Every structure is written in C-alpha cells, then in structure tokens.
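See structure below.
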Amino acid sequence: MPQTSVKTEYENRLIALQQCIHNLQRQETLGGVSKIAQDFLRERFQFDLIWIATYQASTRTLSGLQGLLPVDNKDQAVLHSKQAVLPGDLFDQVLLTGHLQEIPSLKQDQRAGEWQAIAQRQKIQGAIILPIRY
C-alpha cells in the first residue's frame, strides 16, 4: 500500500510540472512567464523569498520582474528594481558557472550585497540562486 501513495505523490508532482510547462508555453509576455514560475515555486516548494529577474549582459544588471518576500514592507521595492552584478558576488558566480548556488546563511554571506541586509530584516536564513535559461 505505501507504494501506491508514493507513486500517487510523484504522479501529482509530474502532473503539476506538466501543467506549469504547458502554461509557460502559452505565454506571450515575459511578465506572464515570470508570474507562472513564481506561482509554481511558491506552491510546490513553499519558498519564503522568490525573486525572478532578467539579466542584461551589456550592462551587467539584473532587472526584477516578479517576487515575494515573507514580510510586506519597504523591501518590496527591491523585487522590481535593477541590481548590478559585481565581480565575485553570488549572482556573478551563478551566471559564470550556470549552476545553482546554495547559500546556508544569506544573512551572513558578504557576497550577497543588498540581499544580505534584506535577509536580516526579513529573517531569511538560507537561499538558493537558480539560473533559468531560455
């Protein structure tokens, strides 16, 4: 009997992923794509912090499209702002390697820049930076 419930949970996850991919393919705007991605990450992974941004290589900046923070306050503005990617910071490392980066304590990581202060105010501990390429 336990195999059936495990199989059902995996099937549910695959169905949710399939629906998400189908919805992403139907989108015509970057805003629509980022909203679907944010909703999927929030629902399936229960992340407290989600920030979806696009990278402009010519100016080495990230431009926020969507996001959410655990506490609704003045930090919300950072979710739609531009942030420079500096040599050696966490975003630079992720962009160079193309691999996700796990940060055990965003509050203490000096390479997090502005996000370090936000993590302290928002009481966010760890983080994952995941590059999504299209």
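The values are calculated or read from the model by the stated rules, or taken from the named source; none is laboratory data. Note that the structure is a prediction, hence the values are computed from the model and not measured. Backbone-built Cβ (ideal geometry, glycine too); neighbour counts: all protein chains shown. Side chains included, ligands, DNA and RNA excluded: accessible areas come from the protein's heavy atoms. Shrake-Rupley method; radii C 1.70, N 1.55, O 1.52, S 1.80 Å.
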Within the set of other residues whose C-beta is less than 10 Å from the C-beta of ALA127, count the net charge using Lys and Arg as +1 and Asp and Glu as -1.
-2
To the nearest 20 debye, the chain has a Cα-centred charge dipole, built from +1 on Lys and Arg Cβ and -1 on Asp and Glu Cβ, of 80 debye
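Using Cα pairs closer than 8 Å and at least 6 residues apart in sequence, work out the relative contact order for the chain, in percent.
Reported relative contact order: 14 percent.
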Of [x] 11, 37, 33, 15, 4, 0; [y] 12, 39, 32, 11, 4, 1; [z] 13, 46, 32, 9, 0, which one was derived for P(r) over Cα pairs in 10 Å bins from 0, in percent from the structure shown?
[x]
Which of the trypsin sites (Lys or Arg not before Pro) found in segment 72-134 are in a DSSP loop and have at most 14 neighbouring Cβ atoms, other than their own, within 10 Å?
LYS123, ARG133
Most fluctuating of ALA112, ALA16, ALA37 in the GNM of the chain (C-alpha, under 10 Å) is ALA16
Using a 1.4 Å probe, what is the accessible area per residue for segment 33-95, in Å²?
56 Å²
Within straight cross-link reach of LYS107, meaning Cα distance under 20 Å, which aspartates and glutamates are found once same-chain residues fewer than 8 apart are removed?
ASP48, ASP72, ASP75, ASP89, ASP92
SER105: accessible area at probe 1.4 Å, nearest 10 Å²?
20 Å²
